[in-house]
Amino acid sequence: MEGLTSVDVCSGAGGLALGLEQAGFDPVLLLDSNKQACETLRHNRPSWNVLEMDLLDFDPVEHQVSYDVDLLSAGLPRVRSSATTKRAETGQELKLLKATIYLAHAVRPRALLIENVPELVNGTAFDEVRDFIRGELLHLGYRFHWFIVNAADFGVPQDRRQGVMVALKDAFAERFRAPETAVGEHVTVGEALRASMSARGWTGADEWAQQANRVAPTLVGGSENRGGADLGPSGTKKAWARMGVNAVSLSDEVPGPDGTQESDNSGSPLKKITVEQTALLQSFPKDWEITGRKTVRYRQIGHASPPPVGEALGLAIARALRP
């Protein structure tokens, strides 16, 4: 079967690109402005053509490999509502979304995939953004599909709702169907992390896993300008605590035989999870190595799109594109 090609922008640690690769898309170019994220991509896929550059500065004329691809994909930074953007006076996230749409003008992919906040699909605060997208792409012959997916429905042990826009050329649009739920029962945190929690012989790992009997709250990478790695705001930390997890920070190691974590000086009976375990909760394969120091690695993971979601979206798009 003939392969499909893609360009992936705002690639981050590669969650979306990896899922699309598993769905049969061969990326001819991946772009991200973050040096460490680009190192992660190159480390795991030396053959990928990774370009470290701000999307706002990217000119496809200088990178003509990006022309005539099947798919342009973008796991963009979380777009804020128009009201918030006006208050912030910067709107960097919105600028990147618009740059993606303008890039579609230039490279004319057969399909366009944008993954972002759920509110982008139907929130009234995002009416202007949706109107912009429609106004720019309709006359180019694209038709739209807007929908929301939850990563937990695709085997990811995390409650992570994602807003998705798929636009396809007229010839393919009728064949597209949004991916349906892939799993019957959700994978819990305990099921996902029990093996790693017992890796150093902790005798309480099974009991801990039974307590961690639900999906994780949404992982958040946090701002590049914010402090260390934690698992979210106070309400989220309480949800983690009910699963036996101390969400104030991340550990350097899993518990030892008696449950001790040497890097944890909090005195809390709750266990901290490691950066590697957050990657498991984001459903990265075990052999996908996130590079950099602890906080930088966690930010890459928290900002990523879970690969199983990318694979499900990619398979749905591939079915529409192939005769």
Handout entry: Selected from Leu20, Leu55, Leu30 as most flexible by GNM, with the chain as the system and alpha-carbon contacts under 10 Å
Key = Leu55
Problem - Cα Rg, Dmax, the chain, angstrom units - result: 20.1, 65
Completion exercise
The lysines whose Cα lies under 16 Å from the Cα of Lys238, excluding any fewer than 8 residues away in the same chain, are Lys271, Lys272
Practice task
Would you mind calculating the relative contact order of region 171-323 from Cα pairs under 8 angstrom and at least 6 residues apart, reporting the percent as a whole number?
Solution key: 27
Completion exercise
The ratio Rg/Rh over the Cα atoms of region 143-234, Rh being the Kirkwood inverse mean 1/r radius, stands at 1.13
Fill in the blank from the handout: Sparse-neighbourhood loop hits (GluC sites (Glu not before Pro), region 243-323; DSSP loop; Cβ within 10 Å at most 10 others) -> Glu262
Practice task
Among the GluC sites (Glu not before Pro) in region 177-214, which ones are in a DSSP loop with at most 11 other Cβ atoms within 10 Å of the Cβ? Mind listing them?
Solution key: Glu180, Glu185
Completion exercise
Straight-line reach check, Lys169, cutoff 21 Å on alpha carbons, 8 or more apart in-chain or any other chain, hits among lysines -> Lys98
Exercise for the section: Determine one quarter of the surface area of the Cα convex hull of region 56-208, which equals its mean projected area, and express it in nm² to one decimal. Expected result: 13.1
Handout entry: Sparsely packed trypsin sites (Lys or Arg not before Pro) within region 272-323, loop by DSSP, other Cβ within 10 Å at most 13
Key = Lys286, Arg293
Handout entry: Within the chain: Cβ-based charge dipole about Cα centre, in debye rounded to nearest 20 (Lys, Arg +1; Asp, Glu -1)
Key = 640
Fill in the blank from the handout: Sorting Ile290, Ser268, Gly256 by the position of each Cα along the dipole of region 246-323 (Lys, Arg +1; Asp, Glu -1; all at Cβ), the one nearest the positive end of that ordering is Ile290
Exercise for the section: In Å³ and rounded to a whole number, note down the convex hull volume per residue for the Cα atoms of region 86-158. Expected result: 125
Exercise for the section: Between Asp258, Asp153, Asp54, find the one with the highest GNM mean-square fluctuation for the chain; connect C-alpha pairs within less than 10 Å. Expected result: Asp258
Practice task
Using just the helices of the chain, give the 222 nm mean residue ellipticity in deg cm²/dmol: DSSP H runs with n ≥ 4 each add -39,500 (n - 2.57), and the total is spread over all residues, rounded to 500.
Solution key: -10000 deg cm²/dmol
Problem - Relative contact order, percent, the chain [alpha-carbon distance under 8 Å, six or more residues apart] - result: 21
Practice task
Would you mind getting the Kirkwood hydrodynamic radius of region 262-323 from its Cα pairs, rounded to one decimal in Å?
Solution key: 14.0
Exercise for the section: Select from His145, His303, His63 the residue whose mean-square fluctuation is largest in a Gaussian network model of the chain (Cα-Cα springs shorter than 10 Å). Expected result: His63
Exercise for the section: Pull up the DSSP beta bridges for region 111-257 and report the antiparallel fraction as a percent, rounded to 5. Expected result: 95
Practice task
Give me the percent of DSSP beta bridges within the chain that run antiparallel, rounded to the nearest 5.
Solution key: 40
Exercise for the section: Give the whole-number value, in cubic angstrom per residue, of the convex hull volume spanned by the C-alpha atoms of region 7-80. Expected result: 96
Handout entry: Anchor Lys35: aspartates and glutamates whose Cα lies under 18 Å away (excluding residues fewer than 8 positions away in-chain)
Key = Asp8, Glu52, Asp54, Asp57, Glu224, Glu289
Completion exercise
Residues Leu113, Leu4 in order from fewest to most other beta-carbon atoms within 10 Å are Leu4, Leu113
Problem - Principal axis box of region 188-323, alpha-carbon based, largest edge first, Å - result: 59, 36, 28
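Quick note: the coordinates plus some simple rules give every number you see, no bench work behind them. Everything numeric in this text was worked out from a predicted model, so none of it was measured. Cβ: placed from backbone, ideal geometry, glycine included. Neighbour counts: every protein chain shown.
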